[in-house]
Amino acid sequence: MEVITKRPKGTQDVKPSEVCKWHTVEKITAETAACFGFKEIRFPTFENTALFKRSVGDATDVVQKEMYSVSAKSPANGKDPDDFTLRPEGTAGAARAVIENGLLNEAMPQKVFYNISCFRHEKPQAGRLREFHQFGAEMYGSASPAADADMIIMVKTLLERLGISDIELNINSIGCPVCRAEYHKALKAYFEARKDELCGTCLERLEKNPMRILDCKSPICQDIAKDAPVIIDYLCDECKEHFEKLKKLLDLMKIEYTVNPKIVRGLDYYTKTVFEFVSTHIGAQGTICGGGRYDGLLEQLGAEPTPALGFAMGLERLIMTMEAQGCEFMQDEKCSLYIAAMDEAAMEKAVVMTKALRDEGYWAEYDLAGRGLKAQMKYANKIGAEFVIVLGGNELESGMAKLKNMATGEQTDISLGDKFVDVFANIHTANMFAEA
Ligand code: ATP
Ligand code: MG
């Protein structure tokens, strides 16, 4: 029985009473993205596995350990089964969609954002889920450090608009293939010397991509990596200049940051700038947002060489931070009017009035459960109705009723005739201002 009554490990339900938190974040992310000229893009929840292997990188934890790959049970036409993977992140799918739909032929830079679910087979813990959500943004076609600064400022603006403070920005440069070749040599030599102590995965990484060892979660490998050479000491002139210009722009914008030479990011496609926004309010999984430049990715996926950059923000961690900091969320809609009915004739009148109110955009309710007046009033209270009207024989006969303000107890006579909705609207608006 447990399998059908318990959600899968590492997933979350959002109760209707909590959904306003998600609406807040979705609205403000979309509004902020729009101010920076980003348009929403949507792409499939699953892609060909090869796309993630190629872009995220064969040697990464995400590809090696965390992907949910699926194939159809019966391949069409007796061909090999398709090999699909639920997206572990958004950059690969967004880049694939941008290329496939010819968006790189439009005005450049091309700027897109998305709010998506992602899937990674990780050990579930606070702030680490198997299905989680990301707000991400990607910019294609600008090699300028001003674009890097713009992305960082967009995240900063978003966090401010959500009311989040105390977020640390860490930046680093992980160079380009030119400077990284030199760095890899130095790194390889360093780890070769302590080869016997590395974990099995890192031994493989030593051959394939020694930089990934810096990202290993094993405490022993982390300890060894502590004194490893850092990429920032190996940057070529172009990468160095790019990084200096970015820092200058951030200084000009008065954006505080720390240069953290240890940030390498967990995905292979990054070049030059990488950055992370870290919250100190939500425990060990404090990285809310990670991003950077990936100038080689589009070419790697078959497009013309196109510089690109982006970031992704974990929405669960973002909401956790907002909760921890007491940030405000958008309020749920309230029921404007509950029409309680004492008999069948009153019920028919309530149906007609409710429809007229709903047509004007109000949340209006009447009894759908065949309850007596007392139970109807109890329900009106439970759903937090702002106003209540009770309809019975007297009201139908006189065409007048009492409109009760549930917060103040104040009662107003109201005509049930043609003008009812207009008059109700005026009283409702006046009450909103009085409350504010
Ligand atoms: P971490 O080091 O925490 O594993 P990451 O480097 O794997 O993060 P990215 O791939 O850069 O993360 O994803 C961007 C953001 O998405 C992270 O900063 C985090 O906020 C969020 N995120 C990543 N993995 C998870 C997860 N399993 N559960 C919840 N949020 C996640
Ligand atoms: Mg991770």
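Compute the whole-percent fraction of alpha carbon pairs in the range 1-110 spaced more than 20 Å apart.
On the way: 3786 of 5995 pairs.
Above the 20 Å cut-off, the range 1-110 has 63 percent of its Cα pairs.
Show me, bin by bin at 10 Å from 0, the whole-percent P(r) of the range 333-428 based on Cα pairs.
17, 57, 26, 0
Report the rotationally averaged projected area of the range 300-341 based on its alpha-carbon convex hull, in square nanometres.
On the way: hull surface 31.6 nm².
Projected area, direction-averaged: 7.9 nm².
Only Cα pairs within less than 10 Å get springs; with that Gaussian network setup on the chain, which residue of VAL421, VAL278, VAL112 has the largest fluctuation?
VAL421
Magnitude of the Cβ-charge dipole of the range 306-367, K/R +1 and D/E -1, about the Cα centre, nearest 20 debye? Spell out each step's value before the answer.
Working: 5 positive and 12 negative charges, 63 e Å.
Roughly 300 debye, rounded to the nearest 20.
What is the chain's relative contact order, in percent, from Cα pairs under 8 angstrom and six or more apart in sequence?
Values: 716 pairs, mean separation 65.7, N = 436.
Relative CO of the chain lands at 15 percent.
Which residues does a label at ASP251 reach in the range 127-164, if reach means a backbone N under 19 Å from a point 7 Å past the Cα toward the Cβ?
So the set is 145-150, 152-153.
Of the DSSP beta bridges with both residues in the range 1-143, give the percent that are antiparallel, rounding to the nearest 5. Walk me through the numbers on the way to the answer.
Details: 16 of 18 bridges.
Restricted to the range 1-143, the bridges split so that about 90 percent are antiparallel.
If you plug each phi of the range 189-201 into the Karplus form 6.51 cos²θ - 1.76 cosθ + 1.60 with θ = phi - 60°, what whole-Hz ³J(HN,Hα) values come out, in order, with x for Gly and Pro?
Once rounded to whole Hz, the list reads 4, 4, 6, 3, 5, 10, 3, 5, 8, 6, 6, x, 4.
Could you give the Stokes-Einstein D for the range 184-254 in µm² per second, using the C-alpha Kirkwood radius, 4 °C, 1.567 mPa s?
Working: Rh = 13.7 Å.
My calculation gives 95 µm²/s for D.
At 222 nm, what value in deg cm²/dmol follows for the chain if DSSP H runs of at least 4 each add -39500 (n - 2.57) and the sum is divided by all its residues, to the nearest 500?
On the way: 15 runs with 166 residues, N = 436.
Result for the chain, helices only: -11500 deg cm²/dmol.
Pick from VAL25, VAL351, VAL264: which is most flexible by mean-square fluctuation in a GNM of the chain where alpha carbon atoms under 10 Å apart are linked?
Maximum fluctuation in the GNM of the chain, among the listed residues, is at VAL351.
Please compute the Kirkwood hydrodynamic radius over the range 258-397, one decimal place, Å, based on all pairs of different Cα atoms. Walk me through the numbers on the way to the answer.
Values: mean 1/r = 0.0491 Å⁻¹.
That comes to 20.3 Å for the range 258-397.
Under 11 Å from a point 7 Å along the Cα-to-Cβ line of ALA430: which residues of the range 378-415 have their amide N that close?
412-413
If I take every Cα pair under 8 Å that is 6 or more residues apart in the range 304-436, average their sequence separation and divide by the length, what percent do I get for the relative contact order? Before the final figure, lay out each step's value.
Values: 142 pairs, mean separation 28.6, N = 133.
Reported as a whole number, the value is 22 percent.
When you count, for each residue, the other Cβ atoms within 10 Å and take the mean per peptide, how do 118-127, 424-433 rank with the highest first?
Details: 118-127: 15.9, 424-433: 13.7.
Ranking, from highest mean packing down: 118-127, 424-433.
Regarding the range 143-301, what is the average projected area of its C-alpha convex hull, in nm²?
On the way: hull surface 40.2 nm².
Computed as one quarter of the Cα hull surface, the answer is 10.0 nm².
Calculate the dipole size of the chain relative to its Cα centre from +1 charges on Lys and Arg beta carbons and -1 charges on Asp and Glu beta carbons; express the result in debye to the nearest 20.
On the way: 53 positive and 65 negative charges, 202 e Å.
About 980 debye.
What do you get when you divide the Cα radius of gyration of the range 153-224 by 2.2 N^0.38 Å, with N the number of residues? Display every interim value, and only then the final one.
Values: Rg = 17.1 Å, N = 72, 2.2 N^0.38 = 11.2 Å.
Computed over Cα atoms of the range 153-224, the ratio equals 1.53.
On each of the three principal axes of the Cα atoms of the chain, give max minus min coordinate, whole Å, ordered largest first.
Answer, in whole Å and largest first: 94, 59, 45 Å.
Bear in mind that the values in this text are calculations on the coordinates, not laboratory data. Computed from a predicted structure; not experimentally measured. Please note: Cβ atoms are built from the backbone with ideal geometry, for glycine as well, and neighbour counts cover all protein chains shown.
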